[in-house]
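Here is the structure we will look at, set down as structure tokens.
The values are calculated or read from the model by the stated rules, or taken from the named source; none is laboratory data. None of the values given here were measured: they were computed from a predicted structure. Neighbour counts are summed over all protein chains in view; Cβ atoms, including those assigned to glycine, are modelled from backbone coordinates with ideal geometry.
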2 protein chains.
Amino acid sequence: MAPQVVKYGAMEPVVLNTRLRLDRIRAARQVIDPQFLDTPLYRCDELGRRLGCTVSVKLETANPVRSFKARATELVTSRLAGQGRDAVVCASAGNLGQALGWSGRRRGLDVTVVASRRAPAAKLDRIRALGAELELVDGDFEAARERAAAVARRRGVRLVEDSLDIETCEGAATIGLELAAGAPSFDTVLIALGGGAMATGVGHVLKTLLPAVEVICVQPLGAPAMTRSWHERRVVTTESADTIADGVAGRFPIPVVLDDLLQVADDAVLVREASIVAGMRMLLEHAGLVAEPSAALGVAAVLEDRDRFAGRHVVTIVCGGNVDLDAYRRWTRA
Amino acid sequence: MAPQVVKYGAMEPVVLNTRLRLDRIRAARQVIDPQFLDTPLYRCDELGRRLGCTVSVKLETANPVRSFKARATELVTSRLAGQGRDAVVCASAGNLGQALGWSGRRRGLDVTVVASRRAPAAKLDRIRALGAELELVDGDFEAARERAAAVARRRGVRLVEDSLDIETCEGAATIGLELAAGAPSFDTVLIALGGGAMATGVGHVLKTLLPAVEVICVQPLGAPAMTRSWHERRVVTTESADTIADGVAGRFPIPVVLDDLLQVADDAVLVREASIVAGMRMLLEHAGLVAEPSAALGVAAVLEDRDRFAGRHVVTIVCGGNVDLDAYRRWTRA
């Protein structure tokens with residue numbers, strides 16, 4: 001694919017050679033149910049005061065599946081429906097499965113989701129409630145990925161692979177369009193890093209349209225594979241993943257996604273579990289938001305390096321709010 | 001003022017003789033900061049399953065002041081700034097004061113808020129944090145209203161009177177425009193009833209554009225003045241108000257607001273405190289939303305009369321999320 005050249009305002013054209021293309025991301029907006037687009041983006045002064053910087057929240061939890069993932073599944077399922085396909089399979093840590101269930105049901109597709117038995121019960125319950133077939137595996141998200149691939153092969157149906165499949169990156173990238181369109185300007189965006197769909201998607205758009213904005217990916221210390229890979233510029237896998245941030249607990253980075261991430265991210269940082277918990281608590285106490293652990297990674301990153309962000313205007317994407325309430329209450333207790 | 005005649009689609013023109021006018025409400029959208037407009041409107045299946053009907057949420061908490069009130073204060077302060085005025089006073093149960101503080105700060109106005117000492121500490125803290133002068137009075141919201149009027153007279157500055165001042169109704173009415181524009185269609189809207197700005201504003205728009213939609217106002221049994229007034233078609237005051245729904249705890253309905261409400265509301269119902277608490281808990285558990293007591297009145301109304309709403313599509317406006325966290329945790333504990 002030829003490098004993409006985009007002119008924006010008076011700035012130098014920015015050339016990125018990722019798998020993403022701005023025209024396709026713009027076109028994606030036409031396909032995604034409006035309930036998932038143009039989500040709230042607003043300054044939260046109280047949170048900012050506590051963190052020592054200006055904080056804006058991009059809120060992806062106020063929709064029927066309580067996460068940003070439906071932006072991707074709307075694309076996937078509309079294409080499948082257009083091709084006359086009637087079934088789809090994915091592995092999911094929980095949010096992609098709900099989103100695929102929602103989008104698939106709307107288009108008459110049979111949806112099968114493979115997930116780890118250890119995924120939050122609330123996420124599994126909601127996948128079932130959407131009418132999807134849910135298959136549980138022992139082991140972690142990587143085991144679910146293997147199993148989902150086998151199911152798709154055997155049945156001859158489309159496998160949706162988060163972060164690898166371009167629609168999953170393009171869907172997430174529509175968040176970037178909204179950030180770039182929204183006033184006022186900001187210095188930094190903090191993006192939860194798992195497989196990399198959101199980071200590469202949002203990063204691609206921002207580095208194209210607002211190249212001065214710093215794109216920082218945030219991952220838990222307990223699941224650092226993609227962050228380590230980014231720093232070493234080669235795929236690094238880990239033996240295990242151990243974090244409450246279930247949505248980003250992969251161990252096997254995808255090479256082409258890493259290639260894209262290397263072009264669009266300015267940094268990738270790791271945060272401690274205690275900071276993730278503190279981040280969830282602050283989002284509840286000072287913003288009135290229920291965030292799942294992955295959605296608190298941005299706040300956690302500021303907590304761990306206040307000097308770095310002091311006085312800056314930071315956007316944090318609150319990417320999901322699907323929690324088991326008992327665990328959530330324990331985490332956010334004063 | 002001549003009665004307003006509006007044609008919509010193939011339906012009969014609807015004639016309403018309230019103080020509101022659709023053209024002014026539409027024009028208001030141009031003045032209000034976009035952060036407060038086009039708020040999320042989405043179906044919440046899990047909540048609907050528990051309540052036995054289809055439930056859509058109109059979410060007014062994901063903005064800098066965590067309530068719908070800034071729609072009104074944006075109008076008030078932009079007009080004052082246009083007139084070269086430099087100060088403004090209001091009485092507030094807590095949310096109007098925050099909103100006026102936010103909108104006034106943005107336009108360089110000195111904002112004074114008079115509130116009851118018994119208002120939630122979180123609301124009072126946030127009013128102060130916005131740089132407003134906060135004056136606390138003994139007694140309830142009605143005492144704050146008296147005191148604010150005295151302050152405004154003495155200083156010769158504009159007094160913003162919630163529900164009486166047309167901007168407060170027009171601001172809230174912009175929610176109605178968004179409900180009328182949003183697909184899919186719905187049968188009923190449940191609106192928290194306090195002074196009446198939201199009920200008359202949203203009600204006016206819906207009864208004009210979607211007259212088949214049932215407009216139901218919901219008030220706590222412990223603060224029933226406006227509901228009783230609506231049923232008796234005359235102003236009924238109460239000696240006291242006793243409810244956790246601090247945002248709607250007025251005792252002295254305003255006659256012209258009652259006149260408007262009589263034209264746009266199909267019903268006004270009273271709910272118990274226990275139902276309000278259950279409503280807050282359900283919004284947290286089944287929608288992941290932090291709602292203040294007033295914002296749970298709609299769910300409370302369904303809980304108290306499930307048969308009435310069975311199988312219908314109900315929109316509930318989650319109008320605010322400013323809570324004292326200790327009280328909120330107590331209310332929403334399992």
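See the values below:
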| read-out | value |
| --- | --- |
| Checklist (1) surrounded by fewer than 24 Cβ atoms within 10 Å (Cβ to Cβ); (2) without any contact (Cβ under 8 Å) to a residue 60 or more places away in the chain; (3) of a type outside the set (A, V, I, L, M, F, W, C); (4) part of a helix (DSSP H, G or I) applied to B:ARG79, failing item | (2) |
| Whichever residue in region B:119-133 is surrounded by fewer than 20 Cβ atoms within 10 Å (Cβ to Cβ) and in contact with a strand residue (DSSP E or B) (Cβ under 9 Å, 6 or more places away or on another chain) and, among such residues, is farthest from B:VAL290 (Cα to Cα) | B:GLU133 |
| Odd one out for A:THR73 among (1) surrounded by fewer than 19 Cβ atoms within 10 Å (Cβ to Cβ); (2) in contact with a Ser or Thr (Cβ under 7 Å, 6 or more places away or on another chain) | (1) |
| Hits in region A:182-211 - residues which are small (Gly, Ala, Ser) and at pLDDT below 95 | A:GLY182, A:ALA183, A:SER185 |
| Some residue of region B:152-170 being in contact with a strand residue (DSSP E or B) (Cβ under 6 Å, 6 or more places away or on another chain), surrounded by fewer than 20 Cβ atoms within 10 Å (Cβ to Cβ) and farther than 19 Å from B:GLY82 by Cβ | no |
| Test set (1) in contact (Cβ under 8 Å) with a residue 24 or more places away in the chain; (2) over 24 Å from B:PRO34 (Cα atoms); (3) assigned to a loop (DSSP other than H, G, I, E, B) - B:GLY131 fails condition number | (2) |
| Options A:GLU178, A:GLU146; residue that is acidic (Asp, Glu) and under 19 Å from the mean Cα position of the chain (by Cα) | A:GLU178 |
| Answer residue from region A:313-327, given it is more than 9 Å from chain B (Cβ to nearest Cβ) and closer than 16 Å to A:LYS58 by Cβ and is surrounded by the fewest Cβ atoms within 10 Å (Cβ to Cβ) among those | A:HIS313 |
| Residue tally, condition in contact with a helix residue (DSSP H, G or I) (Cβ under 7 Å, 6 or more places away or on another chain) and assigned to a loop (DSSP other than H, G, I, E, B), over region B:241-254 | 8 |
| Criterion (in contact with a Gly (Cβ under 6 Å, 6 or more places away or on another chain), surrounded by fewer than 24 Cβ atoms within 10 Å (Cβ to Cβ) and either free of Cβ contacts under 8 Å to residues at least 40 places away in the same chain or hydrophobic (A, V, I, L, M, F, W, C) (or both)) met by exactly one of A:ALA274, A:ALA296, A:ALA310, A:ALA278 | A:ALA310 |
| Restricting region A:38-53 to residues that are in a loop (DSSP other than H, G, I, E, B) and more than 10 Å from chain B (Cβ to nearest Cβ), the residue that is surrounded by the fewest Cβ atoms within 10 Å (Cβ to Cβ) | A:GLY52 |
| Residue list for region A:266-310, restricted to those being within 14 Å of another protein chain (Cβ to nearest Cβ) and out of contact with any helix residue (DSSP H, G or I) (no Cβ under 8 Å at 6 or more places or on another chain) | A:GLY288 |
| Lone unmet requirement of (1) of a type outside the set (D, E, K, R); (2) assigned to a strand (DSSP E or B); (3) closer than 14 Å to A:LEU262 by Cα for A:VAL189 | (3) |
| Residue within region A:217-240 that is part of a helix (DSSP H, G or I), aromatic (Phe, Trp, Tyr) and at pLDDT 95 or above present | yes |
| Yes/no for B:VAL114 being touching a helix residue (DSSP H, G or I) at 6+ places or on another chain (Cβ under 8 Å), crowded, with 19+ Cβ neighbours inside 10 Å and under 27 Å from B:GLY222 (Cα atoms) | yes |
| Residue under evaluation B:CYS53, criteria (1) in contact with a Phe, Trp or Tyr (Cβ under 8 Å, 6 or more places away or on another chain); (2) over 25 Å from B:GLU285 (Cβ atoms), criterion not met | (2) |
| Tally of residues being within 20 Å of the chain's Cα centre (by Cα) and not polar (S, T, N, Q) across region B:67-100 | 17 |
| Residue check, B:ALA291 in a helix (DSSP H, G or I), within 17 Å of the chain's Cα centre (by Cα) and more than 27 Å from B:LEU16 (Cβ to Cβ) | no |
| Of all residues making up region A:54-86, the number that are away from every other protein chain (no Cβ under 12 Å) and of a type outside the set (S, T, N, Q) | 14 |
| Sole exception among (1) in the same structural domain as B:CYS53 (by TED's automatic domain parsing); (2) modelled with pLDDT under 95; (3) touching a Phe, Trp or Tyr at 6+ places or on another chain (Cβ under 7 Å) for B:ALA172, by number | (2) |
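Matching residues to (1) aliphatic (A, V, I, L, M); (2) farther than 22 Å from A:LEU325 by Cα; (3) not assigned by TED's automatic domain parsing to the domain that holds A:VAL323:
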site: A:SER103; (1), (2), (3): no, yes, yes
site: A:ARG106; (1), (2), (3): no, yes, yes
site: A:LEU109; (1), (2), (3): yes, yes, yes
site: A:VAL114; (1), (2), (3): yes, yes, yes
site: A:ALA122; (1), (2), (3): yes, no, yes
site: A:ALA132; (1), (2), (3): yes, yes, yes
site: A:ALA144; (1), (2), (3): yes, yes, yes
site: A:ALA148; (1), (2), (3): yes, yes, yes
site: A:ARG153; (1), (2), (3): no, yes, yes
